[in-house]
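For reference, the structure is listed below as structure tokens.
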Amino acid sequence: MRIDLHTHTTASDGTLDAAELLDRAQKAGIDMLAITDHDTVDGCLLASNSEQAGAKLIHGIELSTAWSGVGIHILGLNIDPGSPTITDVVAAQQQARSLRADEITRRLRKAGLACSIDAVKKLAGGQAIGRPHFARHLVDNGSARDIKHAFKKYLGPGKAGDVKNLWLPMERIIAAVLLAGGIPVLAHPAKYKLTNKKLNALLDDFCAAGGVGLEVISGAQSKDITQTLGSLCERREMLASCGSDFHQPGFPWSELGNFPPLPAHLNPIWESW
Ligand code: AMP
Ligand code: MN
Ligand code: MN
Ligand code: MN
């Protein structure tokens, strides 16, 4: 079975729409695919309305929050996308995104950069604005060399455009995913660059709030990371998840289904689905 439980569409910051993503998943031989757009279920809903054969579709979402001053992402997998708690959470997060876009614009300008919220909105194509849209704008107007540079200098952790105080609290997000019948999963734990001690403290709080899943495999990661996260997952008796975090074609490290297998000793999250 080829399983990919973390992907994006044009409903957030991906470049393929839901139908194009399903098509690509089918061509890649994926048997089970979760669509997990940032703070929206629009991509999922479009996919479930499409008639395409191929991968079994799992409804998902990737919710933004903050823990101890660090921006973190929580996946809600196998949720009911029509549940009222998801509708409420999505509305609150979208409002946060909109306020955040204004705040990011203000801060980038204060840092001396040219930044036009109208140009950023245009890049987002009417969908919710994320930092990748700001990154593209900064490249377009010559403030940054490329996307990577834009994140490194202006949008990444601790930089002027890193605004994370507007999201719903982690506990609220976990509760909503559970109420919607889904499984809360801590996304790409290695991306937060936490010390082991801090990652354990995060997992203590995540699990105490009802979190049960850990994304042990995120894209084409190193064996060391897989081993560290695999041990944490096992020790805490969490459910193990895996996904590419696919956003767009052409990035070999995040191609659909392109990641190492889950270590055999773990409990895969999809076993009860
Ligand atoms: P946001 O949802 O607005 O907080 O933006 C987060 C998104 O920005 C992530 O999901 C990635 O798609 C993208 N991103 C984060 N860091 C980088 C980076 N260093 N280079 C390129 N894209 C990034
Ligand atoms: Mn993204
Ligand atoms: Mn993420
Ligand atoms: Mn993602």
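The values are calculated or read from the model by the stated rules, or taken from the named source; none is laboratory data. Everything numeric in this text was worked out from a predicted model, so none of it was measured. Because the Cβ atoms are built from the backbone with ideal geometry, glycine has one as well, and the counts that use them run over all protein chains shown. Remember, those area values only see protein heavy atoms, side chains included, never the ligands or the DNA or RNA. Shrake-Rupley method; radii C 1.70, N 1.55, O 1.52, S 1.80 Å.
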Exercise. Within the set of pairs 6+ apart or on separate chains, which have a first residue in the range 1-16 that is surrounded by fewer than 21 Cβ atoms within 10 Å (Cβ to Cβ), a second that is in a strand (DSSP E or B) and at pLDDT 95 or above, and C-beta atoms under 8 Å apart?
Worked result: 1/32; 2/32
For this session: Mind counting the residues in the range 211-253 that are among the β-branched types (Val, Ile, Thr) and open to solvent by 10 Å² or more (accessible area, probe 1.4 Å)?
Result: 4
Exercise. For the range 179-248, list the strands (runs of 3 or more DSSP E) that sit wholly inside it and hold at least 1 residues that are among the acidic types (Asp, Glu); which are they?
Worked result: 213-218
Seminar exercise, completed: All conditions in (1) closer than 19 Å to residue 258 by Cα; (2) open to solvent by 10 Å² or more (accessible area, probe 1.4 Å); (3) within 16 Å of ligand 1 (Cβ to nearest atom) are true of residue 36 except (2)
Exercise. Given the residues 179, 202, which is the only one that is surrounded by fewer than 21 Cβ atoms within 10 Å (Cβ to Cβ), more than 14 Å from ligand 1 (Cβ to nearest atom) and under 18 Å from the mean Cα position of the chain (by Cα)?
Worked result: 202
For this session: Identify the single condition in (1) closer than 16 Å to residue 100 by Cα; (2) more than 16 Å from ligand 2 (Cβ to nearest atom) that residue 214 does not satisfy, given that it satisfies every other one.
Result: (1)
Seminar exercise, completed: Selection from the range 94-147 of residues within 14 Å of ligand 2 (Cβ to nearest atom), within 20 Å of residue 74 (Cβ to Cβ) and in a helix (DSSP H, G or I) yields 97, 131, 132
Exercise. Do we find a residue being over 22 Å from residue 270 (Cα atoms), within 15 Å of ligand 4 (Cβ to nearest atom) and in contact (Cβ under 8 Å) with a residue 40 or more places away in the chain anywhere in the range 50-64?
Worked result: yes
For this session: Give the range 162-178 a look and list any residue that's outside any helix (DSSP H, G or I) and of a type in the set (A, V, I, L, M, F, W, C), or say none.
Result: 163, 166, 167, 168
Exercise. On the given criteria, is residue 19 within 15 Å of ligand 1 (Cβ to nearest atom), open to solvent by 10 Å² or more (accessible area, probe 1.4 Å), not in a loop (DSSP other than H, G, I, E, B) and not aromatic (Phe, Trp, Tyr)?
Worked result: no
Exercise. Which of the residues belonging to the range 111-168 are loosely packed, with under 13 Cβ neighbours inside 10 Å and under 18 Å from residue 63 (Cα atoms)?
Worked result: 165
